[in-house]
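Just below is one structure, and these are the notes that go with it.
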Amino acid sequence: MISTRVKLTAAFIVGLAAVTMTLFLALLAARNNAVYHDIAQYAAAQGDLAARVIADAAQSGENVMAANDTAIIPLLSPRIVDRLQSIPGYIVVVDTAGRAVYRSGDVMRLQGSDMNTLQTQLADLPKSGEALIFGLDSLQEKLLFVSKSLEGVPGGLSRLASGAVATRASTVPREYMFDALLIVPLIIAVAGVGAFLVLGKNQRQLQEITTEVAAITDGRSLHRRLALSEETSDFSDMVTTLNAMIGRLETSFAGLRRFTADASHELKTPLAVLRADVERAMTESSSQNERLVALEEALQEVRRMTDLVESLLTLARADEGRFDLHREPVELQPLVQEVYETALILGEAQGVVVNLPFIADAMVMGDRTRLRQLFLNLVTNAIKYTPAGGKVDIGLGRHPDNVTFAVRDTGIGISAADFPHIFERFWRADRVRSRMSERGGFGLGLAISQWIAQAHGGTLTASSRLGRGSLFTVTLPLSGDGQKA
């Protein structure tokens, strides 16, 4: 099987040869056109000189035509002929009857067949301006003729045709042939060898990068990075991109391992409690009342595990984009009022005062059940982490383009070190863990809340200071009807 290196080198050579050949033909055509133009100018200059000789003679009063009544074809006067003979090239003077009254020495030396060809071609030559090229067998050459009108000159003259050899305008010069047959192939061969060597270097660099990437076989080796050496300097952008991708994979794998460990830990505790309760209920020495208490505790742990599994499924579906929201116009004022009434009950049990200082009338397009879950998560967290005697304020504000739902508490707050992680899954600060014990929350509420806000085209932001409380704000876009209202 032909290697990619050979294929690329062959493609380069073919492309270079095609470009070189096209350039050569273009240069040759330009050269021939320039030579053709020079020959035409030379022939025209010779014709102008001959026409000036005839015109000057006529103006000086000389007889243009020879005084010979017995001649079948009239000829130019000998004095004018002598002057015209000093002009080199092929010159023919024709009268109004189409007869040649003068032929230069070069024309007279043509053989019979070439003379007939010349007469036939000159008969088709226009009276003035245009050029005509044709070949002559005896000379093995091509001639270029141009025509100049002699109307107005005494003697019944019609036009003058002047010509020059034009073979070099349609042939390839020897130096061009030398370049085309020797120099150009040599250049293409050298360029092909150079391309082959450069591609070999690049192939070795790619092979080195491939070997290093292949060495990263699993999540345990994602800490490794590709080295940017002199051998791989040509692919620095690719190496940088691959290192960035490996870094993202390392972060994802670390998150996955942490997620698995946290999920296992969260399930381990309720399973242990559930097993202990079931074993206690099955003990023969247990009374009926003790068995009922054990079963009730087991049922509570089952509910906790159910909540955890539901939360994990929600986030999994959200990650895969398979969780559809049932969007419809939602009036937020009655929804927030309902959440506030629930918060009053929760706050009373914790000894926390819950206030609703302001509430606006607003409508959004969304899933009412998910929005209630979002608001209730934030309110529940605020009450849970606020000591007895503290307070939680809830507010719903309306703006020109959006609506904000805010929850402020006077709870324990969040430290600066923990704050960047509050929306991570299974995250709980140590202070919260020690206060709520291992069987408190799962650390999934804020992650789910953030997803619900983003799924509705909104945002969830937070601000907090340790010991001073926290503020969580949900911003949602108003629906079209809400904006008009």
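What to note about this one:
- Verdict on E130 being open to solvent by 70 Å² or more (accessible area, probe 1.4 Å), under 30 Å from I13 (Cα atoms) and at pLDDT below 75: no
- Condition check for N381 on (1) over 47 Å from the mean Cα position of the chain (by Cα); (2) touching a residue at least 60 places away in the same chain (Cβ under 8 Å): one failure, at (1).
- R83 over 60 Å from the mean Cα position of the chain (by Cα) and open to solvent by less than 90 Å² (accessible area, probe 1.4 Å): yes
- In a residue-by-residue description of the range 84-91, the property of being part of a strand (DSSP E or B) and modelled with pLDDT under 75 applies to no position.
- Residue check for F145: open to solvent by less than 40 Å² (accessible area, probe 1.4 Å), in a strand (DSSP E or B), at negative phi and modelled with pLDDT under 80: no
- Any hit, the range 270-281, residues being open to solvent by 50 Å² or more (accessible area, probe 1.4 Å), under 58 Å from the mean Cα position of the chain (by Cα) and modelled with pLDDT of 90 or more: no
- Of the residues making up the range 3-32, those that are more than 30 Å from the chain's Cα centre (by Cα) and within 14 Å of Q203 (Cβ to Cβ) number 0.
- Entirely in the range 299-418, the strands (runs of 3 or more DSSP E) that have 2 or more residues that are open to solvent by 60 Å² or more (accessible area, probe 1.4 Å): 328-331, 353-359, 391-398
- Conditions (1) touching a helix residue (DSSP H, G or I) at 6+ places or on another chain (Cβ under 9 Å); (2) surrounded by fewer than 16 Cβ atoms within 10 Å (Cβ to Cβ); (3) at pLDDT 70 or above; number of the one not met by D137: (3)
- Across the range 1-40, the qualifying residues are those that are outside any helix (DSSP H, G or I) and of a type in the set (A, V, I, L, M), and the one among them that is modelled with the lowest pLDDT is M1.
- Some residue of the range 47-62 being among the β-branched types (V, I, T), in contact (Cβ under 8 Å) with a residue 12 or more places away in the chain and part of a helix (DSSP H, G or I): yes
- So G457, is it among the small types (G, A, S) and at pLDDT 90 or above: yes
- Given (1) acidic (D, E); (2) touching a strand residue (DSSP E or B) at 6+ places or on another chain (Cβ under 7 Å); (3) more than 22 Å from S463 (Cα to Cα), number of the condition D367 does not satisfy: (2)
The values are calculated or read from the model by the stated rules, or taken from the named source; none is laboratory data. Since we're looking at a predicted model, the values are computed, not measured. Counting neighbours? That spans all protein chains shown, and the Cβs are built from the backbone with ideal geometry, glycine included. SASA here: full protein model, heavy atoms, side chains in, ligands and nucleic acids out. Shrake-Rupley method; radii C 1.70, N 1.55, O 1.52, S 1.80 Å.
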